[in-house]
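Encoded as structure tokens, the structure appears first; notes follow it.
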Amino acid sequence: MNLMPVWVSIQLASVTVLVLLALGTPLAWWLAVSHSRWRVAVDALVALPLVLPPTVLGFYMLILLGPQGPIGGPWMAVTDETLTFSFTGLVITSVLYSLPFVVQPLRDAFRAVGAGPMEVAATLGAKPVDAFFSIACPLAGRGFLTAAVLGFAHTLGEFGAVLMVGGSLPGETRVVAIAIYEHVETLEYGAAHALSAGLLGFSFIVLVLIYSINRHARPGVSG
């Protein structure tokens, strides 16, 4: 059985999570503490991939990232390469597709921290940025772990959106979910079962880990 799709999926999930943690952390903090009238609209935009069919997201990403698109066109002019049917295009699509699975746990974790620790840090002379990294982020540690695990697992199981944008190029855009689909199409049920069972087991472990983290995060919960 060819394990290259597994390696591509792991690479994609890892890069996606790193990008989402970098971009999603300040966004999650803003959603947690902001009183802006735009907060509800931004919250809804972040949650949109939860209810939007993956093929719809994939279709619009295909338009945006295509050679004639507002993002893909300038990219091709600079790099002479297309974003569609490329690993970079998959990363961009995956970041949007998995956005709520990283931002929402971080937002909830920051809300649980509350304003108290930050106010205490401010009275001791700490600058907002210093207090954020030295107080808020460590206190929201479980949220970061939950976000990373959920984002990784969700990206690993992508199908519709990545198929629309990346197709199925061996070693570059053929991820596990697409490989399973192709194995079923060609009646290679043994290979499809092996990959499916691996994803099933991984998903179960992820859920056990998440529930364990959340259980230990609640005060007063006993064995």
*Could you look through the stretch 60-77, keep only residues that are among the aliphatic types (A, V, I, L, M) and in contact with a Ser or Thr (Cβ under 9 Å, 6 or more places away or on another chain), and pick out the one that is surrounded by the fewest Cβ atoms within 10 Å (Cβ to Cβ)?*
MET76
*Is it true that LEU57 is in contact with a Leu (Cβ under 7 Å, 6 or more places away or on another chain), surrounded by 16 or more Cβ atoms within 10 Å (Cβ to Cβ) and not acidic (Asp, Glu)?*
yes
*Condition check for VAL78: of a type in the set (A, V, I, L, M, F, W, C), outside any loop (DSSP other than H, G, I, E, B) and either in contact (Cβ under 8 Å) with a residue 24 or more places away in the chain or in contact with a Leu (Cβ under 7 Å, 6 or more places away or on another chain) (or both)*: no
*Matching entry among GLY167, GLY160, GLY125, GLY143 (being over 17 Å from MET4 (Cβ atoms), touching a Ser or Thr at 6+ places or on another chain (Cβ under 8 Å) and not hydrophobic (A, V, I, L, M, F, W, C))*: GLY160
*Sort out which residues of the stretch 5-42 are free of Cβ contacts under 8 Å to residues at least 24 places away in the same chain and either surrounded by 15 or more Cβ atoms within 10 Å (Cβ to Cβ) or assigned to a helix (DSSP H, G or I) (or both), and write them in order of number.*
TRP7, LEU18, ALA22, PRO26, TRP30, ARG39, VAL40, ALA41, VAL42
*Does PRO49 fit the bill of being surrounded by 15 or more Cβ atoms within 10 Å (Cβ to Cβ), under 12 Å from the mean Cα position of the chain (by Cα) and at pLDDT below 95?*
yes
*Go through the stretch 116-157 and give me each residue that's within 25 Å of ILE205 (Cα to Cα) and touching a Pro at 6+ places or on another chain (Cβ under 7 Å).*
LEU139, GLY143, THR146, ALA147, LEU150
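The values are calculated or read from the model by the stated rules, or taken from the named source; none is laboratory data. Note that the structure is predicted; figures quoted are calculated from it, not measured. Here Cβ is always computed from backbone atoms with ideal geometry, including for glycine, and neighbour counts include all displayed protein chains.
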